[in-house]
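Novice: My questions all concern the structure below.
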Amino acid sequence: MTTRVPVAVHAGDPLLHAGVTAQLRPRPEVDVLKLDEHEKAQVSLVVVDRVDDEAVLLLRRLQRTPSTRTGLIVGEFGQNALRIVIECGVSAVLRRVEAEQDRVVGLITALVRGESVLPGDMLSRLLDHVGRLQRSSADAQGFNLSTLTAREVEVLRLISEGFDTGEIAGKMSYSERTVKNILHEVTTRLQLRNRAHAVGHVMRQGLI
């Protein structure tokens, strides 16, 4: 990336804030903002022990700033927490035990690219949850999934297998921009929120 990503760190306590800030400040990819600069953030990084009421209030407040994408680093992640954070507009989740420097920076840069980041087990839970919701709403909204092209189905299949945009582009001999355009077309046409939402939907329809 040619420019540094302005990042606002929101932590559950001063120790967490200091630790994450110390990780990020040396990195050339990011610019850690001071408290009075948070309105300039392109990415808001929330670091908490668990998704409690206080964390949810913070996430909902950040959700009201559509120009900022939100990532979450969390210690304990309960069964219902995934649904809650997705509803709060969180696009990427990383467990604290896995939050070493490169992975945190990778999460931030993925958010800037418009991508979602979830651990494998969380993605499976999300796809299952989205599928249950969308299976019932598909008929009501009149989605015609048979209109998906072969390349759209193939892109979604590769996403479901864990490949990122660059890897999919290489496998299909497309540019990354083409892959992103395909995903945008699918999510727009089917009125879905993001790539995980799209994958969950077509999996439940038996297309992949």
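Novice: Any residue at all in the stretch 122-141 that's out of contact with any Lys or Arg (no Cβ under 7 Å at 6 or more places or on another chain), at pLDDT 85 or above, farther than 22 Å from Ser91 by Cβ and in a helix (DSSP H, G or I)?
Specialist: no
Novice: Right, next: Kindly check whether there is at least one residue in the stretch 62-79 that is modelled with pLDDT under 85, among the small types (Gly, Ala, Ser) and farther than 23 Å from Glu115 by Cβ.
Specialist: yes
Novice: Counting only residues that are in contact with a helix residue (DSSP H, G or I) (Cβ under 7 Å, 6 or more places away or on another chain) and farther than 16 Å from Glu87 by Cβ, how many does the stretch 46-70 have?
Specialist: Of the residues in that region, 3 qualify.
Novice: Taking interchain pairs and intrachain pairs at least six residues apart, which have beta carbon atoms under 6 angstrom, with the first residue in the stretch 147-174 and touching a residue at least 24 places away in the same chain (Cβ under 8 Å) and the second outside any helix (DSSP H, G or I) and open to solvent by 30 Å² or more (accessible area, probe 1.4 Å)?
Specialist: Val153/Leu207; Leu156/Ile208; Arg157/Ile208; Ser160/Ile208
Novice: How about the stretch 50-69: which of its residues are outside any helix (DSSP H, G or I), polar (S, T, N, Q) and surrounded by 14 or more Cβ atoms within 10 Å (Cβ to Cβ)?
Specialist: If the condition is that a residue be outside any helix (DSSP H, G or I), polar (S, T, N, Q) and surrounded by 14 or more Cβ atoms within 10 Å (Cβ to Cβ), then Thr65, Thr68 are the ones that fit.
Novice: Looking only at the stretch 93-106, decide whether some residue is of a type outside the set (A, V, I, L, M, F, W, C), surrounded by 19 or more Cβ atoms within 10 Å (Cβ to Cβ) and modelled with pLDDT of 80 or more.
Specialist: No, the stretch 93-106 has no match at all.
Novice: For the stretch 186-208, give me each residue that is exposed (fewer than 14 other Cβ atoms within 10 Å of the Cβ) and either in a helix (DSSP H, G or I) or modelled with pLDDT of 80 or more (or both).
Specialist: The answer is Thr188, and nothing else.
Novice: Still on this structure, please answer the following. Against the definition (part of a helix (DSSP H, G or I), at pLDDT 70 or above and open to solvent by 60 Å² or more (accessible area, probe 1.4 Å)), how does Glu152 come out, yes or no? Reasoning before the result, please.
Specialist: Details: part of a helix (DSSP H, G or I): yes; at pLDDT 70 or above: yes; open to solvent by 60 Å² or more (accessible area, probe 1.4 Å): no.
In short, no.
Novice: When the residues of the stretch 24-49 are narrowed to those that are assigned to a helix (DSSP H, G or I) and surrounded by fewer than 19 Cβ atoms within 10 Å (Cβ to Cβ), which ends up farthest from the chain's Cα centre (by Cα)? Break it down into steps so the answer makes sense when it comes.
Specialist: The first filter runs over the stretch 24-49 and keeps only residues assigned to a helix (DSSP H, G or I), leaving 24, 35-40.
Filter again for surrounded by fewer than 19 Cβ atoms within 10 Å (Cβ to Cβ), leaving 35-40.
On the way: Leu35: 24, Asp36: 26, Glu37: 24, His38: 20, Glu39: 21, Lys40: 20 Å.
My answer is Asp36.
Novice: Sticking with this one: What do you reckon, is Val90 open to solvent by less than 50 Å² (accessible area, probe 1.4 Å) and modelled with pLDDT of 90 or more?
Specialist: On the way: open to solvent by less than 50 Å² (accessible area, probe 1.4 Å): yes; modelled with pLDDT of 90 or more: no.
Judged against the criteria, Val90 is not a match.
The values are calculated or read from the model by the stated rules, or taken from the named source; none is laboratory data. What you see is a predicted model; the values in this text were computed from it and never measured. Virtual Cβ from ideal backbone geometry, glycine too; neighbours counted across all protein chains shown. Protein only, heavy atoms only, side chains kept; ligands, DNA and RNA dropped before computing areas. Shrake-Rupley method; radii C 1.70, N 1.55, O 1.52, S 1.80 Å.
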